[in-house]
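All remarks here apply to the structure that follows.
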Amino acid sequence: MIPLYPHNIVPYLSWSKHRNIRTDIDSIDYLSWEDGLWALLEVHRIPSGSVALAPSFWCIDVMNNMRAHGLQVEVYPVDTSFQTDTQTLQAHISKHNPIILVVFHAVGIRNTLLDQDTFWQTLTTRDCIVIEDCAHQIVDVNTLHLRHPHHFVLDSWRKVLPLQGSRLYGNLQNIHMIKMSVRQVWSWDVIYIIWYWLLMHVCLYAQSIPLPKISSLCGEWAEKCMLKGYDRIGDSMRPLQTLKLFSWLRSYVDRDTIAQVKATQVVLYDNLIGDIIQNDNRLFSVKRNSHDGFHMCAYPVGLRMPEAPQIITSLRAHGLLVRAELDGCEWAQDKSVIYLPLGMHIQHHDIHAICKVFRTCVGSSALG
């Protein structure tokens, strides 16, 4: 069984440290994406009941944690490729008057809103915190473009790297305010989350051993450990800090090599299963630009209802432990999406094996 999630940090690293050539952007590390958000709430003294506007394809657990921190969460629609037109978003901004606006690069596919001047013009007269959600990307600070006084970028390492942490990027003044005003804390939550993160990675490593029964069992354990950790992430009312070791390792991540490998893997998936995704009316393709392959955390396959649960069940029964991603969010009420793995932890022969399972389960009468 092939692990779906990044594990084994070694191939993700290059011991030539990447140099930050930016002098206008600073950053600070936290245990999770949500912990970075709690720091923003604290330093900006966001009053209880303030509205956060998020995409309809977004994590329900994060929304619930935001509500527990006093925010009112509203959503704006995104299409099957996780994009939103500016007119629709403008209408939702006018309706809800958010103090926080989240723009998500779902699956690492660039959200084109951020490239549209009309989007930024909508925000010029608003004292709004804009969070560019890069949870599914490996961020290169040298390519960031902050276009609003309170424009922040938040990533999430565990989605794309074998590390537990998150980095909050912003302009020098904003990050300096956070560093001076917001104290990161340690708690039993940190130990709990990192413990299950470590257990998950032990299981992922064991899952890659070519012994079917052991591999299958370890894959199931890895998924359970992942969900255990997820349940606790973001629960703290104060921002939690990650391990300094993780921050140190993050500075040696080989972004360029990882990007090239992922882009090649995306093309391989296209060649192996692109036809069945295009031609099977139970499936739909997630549109992207050619350069998005360098940044994606996974290869997405859209599933239509009501067949989606049956397809996922069949894939899992054949050893591919995919899940309905962000199940329960508004976007997923009438459709679903699964992620096939990308990254340094898999090889081309693994992708061939994954696609063989996919074609067996989806492209034949296996569901009949």
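The values are calculated or read from the model by the stated rules, or taken from the named source; none is laboratory data. This structure is a prediction, so every number in the text was calculated from the model and none was measured. Counting neighbours? That spans all protein chains shown, and the Cβs are built from the backbone with ideal geometry, glycine included. Areas reflect the complete protein model, heavy atoms only, side chains present, ligands, DNA and RNA absent. Shrake-Rupley method; radii C 1.70, N 1.55, O 1.52, S 1.80 Å.
Observations on the structure shown:
- The criterion of at least 2 residues that are acidic (Asp, Glu) is met by the following strands (runs of 3 or more DSSP E) wholly inside the range 82-166: 129-134.
- Hey, ASP334 acidic (Asp, Glu) and free of Cβ contacts under 8 Å to residues at least 12 places away in the same chain or not: no
- Residue in the range 265-276 that is closer than 27 Å to ALA54 by Cβ, touching a residue at least 40 places away in the same chain (Cβ under 8 Å) and open to solvent by 40 Å² or more (accessible area, probe 1.4 Å) present: no
- Condition broken by CYS297, with the remaining ones in (1) in contact with a His (Cβ under 6 Å, 6 or more places away or on another chain); (2) open to solvent by 40 Å² or more (accessible area, probe 1.4 Å) satisfied: (2)
- Take the conditions (1) open to solvent by 20 Å² or more (accessible area, probe 1.4 Å); (2) of a type in the set (Gly, Ala, Ser); (3) in contact (Cβ under 8 Å) with a residue 12 or more places away in the chain; SER290 misses just one of them, which is (3).
- Only one of the numbered conditions (1) touching an Asp or Glu at 6+ places or on another chain (Cβ under 9 Å); (2) within 22 Å of MET237 (Cβ to Cβ) is violated by ASN111, and that is (2).
- Residue match in the range 329-336 (condition: surrounded by fewer than 17 Cβ atoms within 10 Å (Cβ to Cβ), under 24 Å from the mean Cα position of the chain (by Cα) and in a strand (DSSP E or B)): yes
- Taking the listed residues ALA324, ALA317, the one that is farther than 24 Å from GLN83 by Cα and open to solvent by 20 Å² or more (accessible area, probe 1.4 Å) is ALA317, with no other qualifying.
- Candidate set: the range 1-21, residues that are surrounded by fewer than 21 Cβ atoms within 10 Å (Cβ to Cβ) and among the hydroxyl-bearing types (Ser, Thr, Tyr); chosen: the one nearest to ALA222 (Cα to Cα): SER14
- Within the range 200-287, helices (runs of 4 or more DSSP H) holding 1 or more residues that are β-branched (Val, Ile, Thr): 212-232, 255-279
- Filtering the range 26-57 to residues that are open to solvent by 10 Å² or more (accessible area, probe 1.4 Å) and either aliphatic (A, V, I, L, M) or assigned to a strand (DSSP E or B) (or both) leaves ASP26, SER27, ILE28, ASP29, LEU41, VAL43, ILE46, VAL51.
- Exclusive hit being among the hydrophobic types (A, V, I, L, M, F, W, C), more than 21 Å from ASN65 (Cβ to Cβ) and open to solvent by 50 Å² or more (accessible area, probe 1.4 Å), set LEU204, LEU227, LEU211: LEU211
- Restricting SER187, SER181, SER216 to those that are hydroxyl-bearing (Ser, Thr, Tyr) and touching a helix residue (DSSP H, G or I) at 6+ places or on another chain (Cβ under 7 Å) reduces the list to SER181.
- Criterion: assigned to a loop (DSSP other than H, G, I, E, B) and under 25 Å from ILE191 (Cβ atoms) - qualifying residue of ASN20, ASN8: ASN8
- Restricting the range 167-199 to residues that are basic (Lys, Arg) and outside any strand (DSSP E or B), the residue that is least open to solvent (accessible area, probe 1.4 Å): LYS179
- Put simply, of VAL160, VAL202 the only residue that is in contact (Cβ under 8 Å) with a residue 12 or more places away in the chain and either out of contact with any strand residue (DSSP E or B) (no Cβ under 6 Å at 6 or more places or on another chain) or aliphatic (A, V, I, L, M) (or both) is VAL160.
- From the list GLY219, GLY234, the one residue that fits, being more than 10 Å from MET1 (Cβ to Cβ) and of a type in the set (Gly, Ala, Ser), is GLY234.
- Looking across the range 69-81 at every residue that is touching a residue at least 24 places away in the same chain (Cβ under 8 Å) and not in a loop (DSSP other than H, G, I, E, B), the one that is farthest from VAL286 (Cα to Cα) is identified as GLU74.
- Residue count for the range 278-306, restricted to those that are modelled with pLDDT of 95 or more, small (Gly, Ala, Ser) and closer than 14 Å to GLY108 by Cα: 2
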